[in-house]
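Peer 1: Quick one: the structure is below, and I'll ask about it shortly.
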Amino acid sequence: MRTPRTVLGLSALLCLVAPAHSGVSDTPPPTFSDGKAAQVVALLPGVIKKNQIDTEVICTNLAPAAVDVGFEVFDQGGVRGNQVAAGNGALLAVGPGRTVTIATGGTAVLHEDAVITLEAPVTNLANGSGRVVATDVHMACTALAVDSVHTVADPRTCPTCKPPTLTGLHLTYAATPTPSGPCPATPSPACRKPAATGRALLLLQDRSPDTLDTLLWKWSGTGTAKADFGNPAATASYQLCLYDQTGGSPTLRLAAVAPAGGTCGSLPCWLASTTGFQYADPALTSDGLARILLKAGPPGATKLLVQGRGPRLPRPVLPLTPPVTVQLSTGSGACWDAVYTKPITNDAANFKAKSD
Amino acid sequence: MMIRAIGRIGIALLSTLVSAGPAAAGPTDTPLPTFSDGRPAVNVYVAPGVIKNNNLETDFVCTNLDTVAVDIGLEVFDETGALRNSVAAGSGAFLNVGVGKTVTVGTAGTAELHEDQTLLLNTAGSGLNNLRNGSGRVIATSKNIVCNAVVLDKLHTVQDPAVSSLPPPSLAEIQLVKLP
């Protein structure tokens, strides 16, 4: 009589036990030894460490700050072969723009910054998988499988020396590895609004050649003091962000930045007036932005203007999917926006609308 | 007096260094150049894994898909993120590449492939005449270009095995990231 109960108990216990994590997609991302949590940047099928072939990933930090980077490898059974958390296959505080190389073994022909030591029970990768993890997903990587023992010798002096076998491996990114931008992924919820319907104009023109592309945004609305603009002549950069509803949710389609300070030609890019600031860059060096006006005033008299043109102007593929939201913001968090639900024109070459 | 003056200059220099913003580095943070014909560049591709080391070099092959001639350039960055060539000065730059035309720029000449141009590295960053391993970006006056990149052994060529026992070169594609 007791045996069935025991079987039932064991069965219930087995049902309650969660399956073991395994492989590149199922294993939780690690935490680096400095306590920072990792995110998955890219997956790499075909990680090989066998018969004198090793695998290297070469990654460049596209983020504006230092990041931790790691390369985790898994054998053919999905068992992880190294602990990034313990520093095995990890490089900490990789500066912006820097490039690092992490490999499953040292090679004669390539340079490596870090080499993974396989941990028991994993003894080889024949063939396995891997993933690049980092504290910021704004990374771009290349992967190579390379013969670890040969070098490239001059065939005139060593005609029998064979160069190394080398092949590229395709990485699958968790997200498109774009540079981290100045705009948030979705519109900020608390920006100042136009004074009334139709008081903010948006005009985009996509022409060929690209030198004829234009952007114009004019806004008149909520009262703003000059102090609210910060000091763009010294510290407050400005960014214009445009979102539409591509895919059914707010999607960033354009980001253009006018950095604080700087010299445009022979003059300061930003000039202060009694009521605000003006940005002028005839060379269109920063994202094609030519002119920005920030004029403080009481409700209805605050005026903003952003003009850009030319090939450096980031341009979304037209037409846009309304409602379209445009936000002008500063690094301090102050922002002004307008929403466009019913465009006057919205085709492959032009978008024109007045605000809701 | 002299010592005080030197001290003041030192403090001033130090405060200048401390107050300066972080130096631009790498393929996304470095300001885009203007081509020597005065036309501004846009960033088209980021290339992680540009290698110039141990007789390996990296070649970029780009085709103009636009309806007008475009300028195309390659900028390379070493492992520290330092820009190692000047497109504005013509290094790695092709002006007025015609519609449908293809150009090739390499970090050096190779025996196997054809290069229209090769780069001369400056002494920034590591200061060494190598990229171990670096990055790059393809820039142009239009986004309407397509490119591939390969890393290859610069010394070997493909010989007919019936008449030669020399081995063929190493060659591998590197994965470019096209920017939106």
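Peer 1: Pick from region A:61-93 the residues that are within 11 Å of chain B (Cβ to nearest Cβ) and open to solvent by 10 Å² or more (accessible area, probe 1.4 Å): which of them is modelled with the highest pLDDT?
Peer 2: A:A66
Peer 1: Hey, can you tell me all the residues within region A:290-304 that are open to solvent by 40 Å² or more (accessible area, probe 1.4 Å) and either of a type in the set (S, T, Y) or under 12 Å from A:G223 (Cα atoms) (or both)?
Peer 2: Correct list: A:K295, A:P298, A:P299, A:K303.
Peer 1: Tell me which residues, restricted to region A:96-121, are over 15 Å from A:D54 (Cα atoms) and buried (at least 19 other Cβ atoms within 10 Å of the Cβ).
Peer 2: Going residue by residue through region A:96-121, those that are over 15 Å from A:D54 (Cα atoms) are A:96-100, A:119-121.
A:P96, A:G97, A:R98, A:T99, A:V100, listed by residue number.
Peer 1: Moving on to the next point. Hey, which of the strands (runs of 3 or more DSSP E) in region A:300-356, taking only ones fully inside, have at least 1 residues that are within 27 Å of the chain's Cα centre (by Cα) and of a type in the set (A, V, I, L, M)?
Peer 2: A:302-309, A:324-330, A:335-340
Peer 1: Could you tell me whether any residue of region A:125-139 is on the phi < 0 side of the Ramachandran plot, surrounded by fewer than 17 Cβ atoms within 10 Å (Cβ to Cβ) and in contact with a strand residue (DSSP E or B) (Cβ under 8 Å, 6 or more places away or on another chain)?
Peer 2: Yes - at least one qualifying residue is present in region A:125-139.
Peer 1: Counting only residues that are within 7 Å of another protein chain (Cβ to nearest Cβ), surrounded by fewer than 20 Cβ atoms within 10 Å (Cβ to Cβ) and among the small types (G, A, S), how many does region B:26-76 have?
Peer 2: 0
Peer 1: Name the residues in region A:142-172 that are more than 8 Å from chain B (Cβ to nearest Cβ), in contact with a strand residue (DSSP E or B) (Cβ under 9 Å, 6 or more places away or on another chain) and surrounded by fewer than 18 Cβ atoms within 10 Å (Cβ to Cβ), would you?
Peer 2: A:T172
Peer 1: Then there's this: Can you tell me how many residues within region A:80-95 are among the β-branched types (V, I, T) and under 17 Å from A:K49 (Cβ atoms)?
Peer 2: 1
Peer 1: Looking at region A:317-330, I want the residues that are within 18 Å of A:S355 (Cα to Cα) and have a partner that is charged (D, E, K, R) and in a strand (DSSP E or B) with Cβ atoms under 7 Å, at least 6 apart or on another chain. Which pairs are those?
Peer 2: Final answer for the pair search is A:L320/A:D244; A:L320/A:R253; A:T321/A:D244; A:P322/A:D244; A:V324/A:D244; A:T325/A:D337; A:V326/A:D337; A:Q327/A:D337.
Peer 1: Continuing with the same structure: Based on this model, can you work out whether B:V105 counts as open to solvent by 50 Å² or more (accessible area, probe 1.4 Å) and either closer than 19 Å to B:K154 by Cβ or within 14 Å of another protein chain (Cβ to nearest Cβ) (or both)? Steps first, please.
Peer 2: Details: open to solvent by 50 Å² or more (accessible area, probe 1.4 Å): no; either closer than 19 Å to B:K154 by Cβ or within 14 Å of another protein chain (Cβ to nearest Cβ) (or both): yes.
No, not satisfied.
Peer 1: What number of residues within region A:187-215 satisfy the criterion of being under 15 Å from A:W336 (Cα atoms), open to solvent by less than 50 Å² (accessible area, probe 1.4 Å) and outside any loop (DSSP other than H, G, I, E, B)?
Peer 2: 4
The values are calculated or read from the model by the stated rules, or taken from the named source; none is laboratory data. In this text, all values refer to a predicted model and were calculated from it rather than measured experimentally. Ideal geometry is used to build each Cβ from the backbone, glycine not excepted, and the neighbour counts take in all protein chains shown. Areas reflect the complete protein model, heavy atoms only, side chains present, ligands, DNA and RNA absent. Shrake-Rupley method; radii C 1.70, N 1.55, O 1.52, S 1.80 Å.
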